[in-house]
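S.K.: Next up is a structure, given as structure tokens.
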Amino acid sequence: MRFQDMPYERPDKERLFATLSELTKTFENASTVEEQIEVIEKIDRENKTFDTMATLANIRNTIDTRDEFYEGERQFFDEVSPLLSEKMDGFKRVLVKSKFRTSLEEKYGKTWFVNTEIALKAFSPELVPLMQEENQLTAQYQKLYASAQIPFEGEVCTIAKLTLYKQSADRSIRKKAYEAEGNFFDEHQEEFDEIYDKLVKNRTQQAKMLGFENYVELGYLRNTRNCYGPLEVENFRRQIVEDVVPVVLEIKKTQAKRIGIEDFKFYDDAFVFPDGNAMPHGTPEQIMAAGKKMYTELSKETADFIREMYDMDLFDVIAKDGKAPGGYCTYLSDYNCPFVFSNFNGTAGDVDVLTHEVGHAFGCAQAAQNVPVSDVLWPTSDGAEVQSMSMEFLTAPYHHLFFEEETEKYELYHAEDSVTFLPYGCEVDHFQHLVYENPDWTPQERNQAWARLEKIYRPYVDHEGMPFYGRGAGWQRQLHIYQYPFYYIDYCLAQIIALQIWALSLENWDNAWQTYLKFVRQGGMATFVELVKSVGLRSPFDDGSLKKVCQTTEKWLHDKWKK
């Protein structure tokens, strides 16, 4: 069935909740493990259908945030999802206490039970009103962000559409594009500040109601951190500052020399080559056709998968007015298929969608063939990002389909960007730790904290004289900070694994591909560190692992720079 033909029907919450209550009682009173397995499967089917309708509503709402019907449906799920969490909380409590737990762990894996116990620590029915308010606030942020209509160079641009101008070979246009973007955020400064202030206070209140000192611990639980905590992440960030930032400074020094800039400014950061960045060739339709050819030829597994994605129209990638920002991959459980959303803007980022987001989609589709219950379809987000970031590298033999004579330029940019991203990702994470450890900070104090972190993680950045960015508010452009607290570090952790898989591919692509398949096919049946170790790779938390990755990447870059 094609995506546009998938019927949407608002779930009957009273029927669903009554069914879940009855099934929970049946599970608790079951006399055999077979009876409990039957209940688990029934509850899983109920949740899949609810999740499918919620996902359809969310996709269609993000495709056009002005659509009143799906705006109303999104609001419905914002209100009902926390109530469903309350119902599922009751089932989870009897699940983890099952007298047949050992047998159930053999069938469903121990990780599901570990994750369920974490979820129980992160929820209480008294939180429901606050969770509903939190959903409403993140939706307000998304809608405000998507409302941008910025006059520039004779057209009206969304923030996504400005990206092309921000990479212009004309330095004055790059600067003006960043200024135009900054002016939009400055014009709505009070609104962005107010939404985030309310979110911080809301999440802090939730944490305190559960007995936590602040939201940091609750945020880790909400992200299902099942094999590491703040201390391990702090040590990881330390290694980034010590081992990666010096490499990034060398990359930026080389970039400045390459583009002929002595006074390197913030608006030069995304401009990589003097004759312009590598751009994909062709129309969006041609780029999508090249993507289909790439995956058809990449492997038998991807060929079967991509045919279904295209046949079912499981993409919406063209930037347009009213469309939500960013990109994502999600899953339509009842149809056993993923969906990819993005905003094409004519830059190399369009190809990244067909590698990164489709990497998520492929990994999820592979896991769906192997996992016993939908709760472990996805690994935790750190593992999920390995699916996508590794695919960015594994598709390298086919990047010429998009970039033709500029392929080598794109691959140099991609490798540099993979390293320069790491300090920024850690900066986002460090900032959130500081914010939630100091929930009473004023907007100005948050901006000051961001400005201090910039000097640690990105000391080459010069925002002086820039609107928005110059006052330390650039973090407000990062939607994860508003919508998905503490998620962003997962990109950094995953990048370390992706770089290891890339190194394998440079020696033997087939070996790297089999390593990747083994990783993604496990879904969420193991913790992040267990997944990494199971395929013979080094955990990013191991001392020295970052230095090793940097040495391999730096050597590759030096070889390219010599050319």
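The values are calculated or read from the model by the stated rules, or taken from the named source; none is laboratory data. Here the structure is a predicted model, which means the values were calculated and not measured. Glycine also receives a Cβ, built like all others from the backbone with ideal geometry; neighbour counts cover every protein chain displayed. SASA here: full protein model, heavy atoms, side chains in, ligands and nucleic acids out. Shrake-Rupley method; radii C 1.70, N 1.55, O 1.52, S 1.80 Å.
S.K.: Search segment 169-192 for residues being within 27 Å of the chain's Cα centre (by Cα), under 27 Å from Val317 (Cβ atoms) and not aliphatic (A, V, I, L, M), and hand back the single one that is surrounded by the fewest Cβ atoms within 10 Å (Cβ to Cβ).
M.R.: Across segment 169-192, the extreme among qualifying residues is His188.
S.K.: Of all residues in segment 302-322, how many are over 18 Å from the mean Cα position of the chain (by Cα) and farther than 21 Å from Ser374 by Cβ?
M.R.: 13
S.K.: Still on this model: Can you list the helices (runs of 4 or more DSSP H) lying wholly within segment 357-471 that have 1 or more residues being under 21 Å from Leu504 (Cα atoms)? Can you show your working first?
M.R.: Details: elements: 358-368, 381-394, 400-403, 407-437, 443-457.
By residue number, 358-368, 381-394, 400-403, 407-437.
S.K.: Going through segment 25-66 one residue at a time, which ones are closer than 22 Å to Gly326 by Cα, open to solvent by 60 Å² or more (accessible area, probe 1.4 Å) and among the charged types (D, E, K, R)?
M.R.: Selection gives Asp51, Arg66.
S.K.: Being touching a strand residue (DSSP E or B) at 6+ places or on another chain (Cβ under 6 Å), small (Gly, Ala, Ser) and over 20 Å from Gln387 (Cα atoms) narrows it down to one residue among Ala361, Ala319, Ala289; which is it?
M.R.: The match here is Ala319.
S.K.: Search segment 299-336 for residues being buried (at least 18 other Cβ atoms within 10 Å of the Cβ) and touching a Pro at 6+ places or on another chain (Cβ under 8 Å), and hand back the single one that is farthest from Thr347 (Cα to Cα).
M.R.: By that ranking, first place goes to Leu332.
S.K.: Another question about this same structure. What are the residue pairs meeting all of these: first residue in segment 286-314, first residue within 17 Å of Cys337 (Cβ to Cβ) and of a type in the set (A, V, I, L, M, F, W, C), second residue open to solvent by 60 Å² or more (accessible area, probe 1.4 Å) and outside any helix (DSSP H, G or I), Cβ atoms under 9 Å, and 6 or more apart or on different chains?
M.R.: Hits for this filter: Met312/Met1; Met312/Arg2; Leu314/Arg2.
S.K.: Working only within segment 347-393, note down all residues that are under 15 Å from Leu499 (Cα atoms) and either touching a Pro at 6+ places or on another chain (Cβ under 6 Å) or acidic (Asp, Glu) (or both).
M.R.: Asp382, Glu385, Glu392, listed by residue number.
S.K.: Out of everything in segment 487-513 that is open to solvent by 10 Å² or more (accessible area, probe 1.4 Å) and charged (D, E, K, R), what residue ends up being farthest from the chain's Cα centre (by Cα)?
M.R.: Only one residue fits best here, namely Glu507.
S.K.: In segment 343-372, which residue that is in contact with an Asp or Glu (Cβ under 6 Å, 6 or more places away or on another chain) and open to solvent by 10 Å² or more (accessible area, probe 1.4 Å) is nearest to Tyr488 (Cα to Cα)?
M.R.: Only one residue fits best here, namely His356.
S.K.: Among the residues of segment 267-298, write down those that are open to solvent by 20 Å² or more (accessible area, probe 1.4 Å), closer than 16 Å to Lys166 by Cα and under 25 Å from the mean Cα position of the chain (by Cα).
M.R.: Tyr267, Asp269, Ala270, Met279
S.K.: Do you know which residues across segment 89-108 are open to solvent by 20 Å² or more (accessible area, probe 1.4 Å) and not acidic (Asp, Glu)?
M.R.: Of everything in segment 89-108, those that are open to solvent by 20 Å² or more (accessible area, probe 1.4 Å) and not acidic (Asp, Glu) turn out to be Gly90, Lys92, Arg93, Val94, Val96, Lys97, Lys99, Phe100, Arg101, Thr102, Ser103, Lys107.
S.K.: Could you check how many residues of segment 514-563 are open to solvent by 50 Å² or more (accessible area, probe 1.4 Å), hydroxyl-bearing (Ser, Thr, Tyr) and at pLDDT 90 or above?
M.R.: Of the residues in segment 514-563, 0 are open to solvent by 50 Å² or more (accessible area, probe 1.4 Å), hydroxyl-bearing (Ser, Thr, Tyr) and at pLDDT 90 or above.
S.K.: For residues that are part of a helix (DSSP H, G or I), in contact with a helix residue (DSSP H, G or I) (Cβ under 8 Å, 6 or more places away or on another chain) and small (Gly, Ala, Ser), scanning just segment 112-152, find the one that is modelled with the highest pLDDT.
M.R.: Ala119
S.K.: Considering only segment 390-418, state which residues are among the acidic types (Asp, Glu) and open to solvent by 20 Å² or more (accessible area, probe 1.4 Å). Break it down stepwise before answering.
M.R.: Step one: filter segment 390-418 for residues among the acidic types (Asp, Glu), giving 392, 404-406, 408, 411, 416-417.
Listed by number, the residues that qualify are Glu392, Glu404, Glu405, Glu406, Glu408, Glu411, Asp417.
S.K.: With of a type in the set (A, V, I, L, M, F, W, C) and at pLDDT 95 or above as the only criterion, which of Leu164, Leu210 stands out?
M.R.: Answer to the check: Leu210.
S.K.: In this structure, does Glu437 turn out to be closer than 20 Å to Ile496 by Cβ, open to solvent by 10 Å² or more (accessible area, probe 1.4 Å) and not basic (Lys, Arg)?
M.R.: no
S.K.: Could I ask something else about it? Going through segment 1-29 one residue at a time, which ones are touching a residue at least 60 places away in the same chain (Cβ under 8 Å) and more than 27 Å from Glu308 (Cβ to Cβ)?
M.R.: Answer for segment 1-29, where residues must be touching a residue at least 60 places away in the same chain (Cβ under 8 Å) and more than 27 Å from Glu308 (Cβ to Cβ): Arg10, Lys13, Leu16, Phe17, Leu20, Ser21, Leu23, Thr24, Phe27, Glu28.
S.K.: Then there's this: Can we say Glu213 is open to solvent by 10 Å² or more (accessible area, probe 1.4 Å) and assigned to a helix (DSSP H, G or I)?
M.R.: no
S.K.: Out of the residues in segment 472-486 that are assigned to a loop (DSSP other than H, G, I, E, B) and without any contact (Cβ under 8 Å) to a residue 60 or more places away in the chain, state the one that is most open to solvent (accessible area, probe 1.4 Å).
M.R.: Per the stated criteria, the residue is Tyr484.
S.K.: If you go through segment 444-458 one residue at a time, do you hit one that is among the β-branched types (Val, Ile, Thr) and surrounded by 21 or more Cβ atoms within 10 Å (Cβ to Cβ)? Explain how you work it out, then say what you get.
M.R.: Filtering segment 444-458 for residues among the β-branched types (Val, Ile, Thr) gives 456.
Next, from what is left, pick out any that are surrounded by 21 or more Cβ atoms within 10 Å (Cβ to Cβ): none.
Among the residues of segment 444-458, not one is among the β-branched types (Val, Ile, Thr) and surrounded by 21 or more Cβ atoms within 10 Å (Cβ to Cβ), which makes the answer no.
S.K.: Tell me which residues, restricted to segment 73-120, are under 25 Å from Ser342 (Cβ atoms) and not polar (S, T, N, Q). Don't jump to the end; show me each part of the working.
M.R.: Within segment 73-120, the first condition is being under 25 Å from Ser342 (Cβ atoms), and the residues that meet it are 73-75, 77-78, 81.
Scanning segment 73-120 gives Glu73, Arg74, Phe77, Asp78.
S.K.: Turning to a different aspect of this structure: For segment 159-178, how many residues meet the condition of being in contact with a helix residue (DSSP H, G or I) (Cβ under 8 Å, 6 or more places away or on another chain), over 29 Å from Gly219 (Cβ atoms) and not in a loop (DSSP other than H, G, I, E, B)?
M.R.: Within segment 159-178, residues that are in contact with a helix residue (DSSP H, G or I) (Cβ under 8 Å, 6 or more places away or on another chain), over 29 Å from Gly219 (Cβ atoms) and not in a loop (DSSP other than H, G, I, E, B) number 11.
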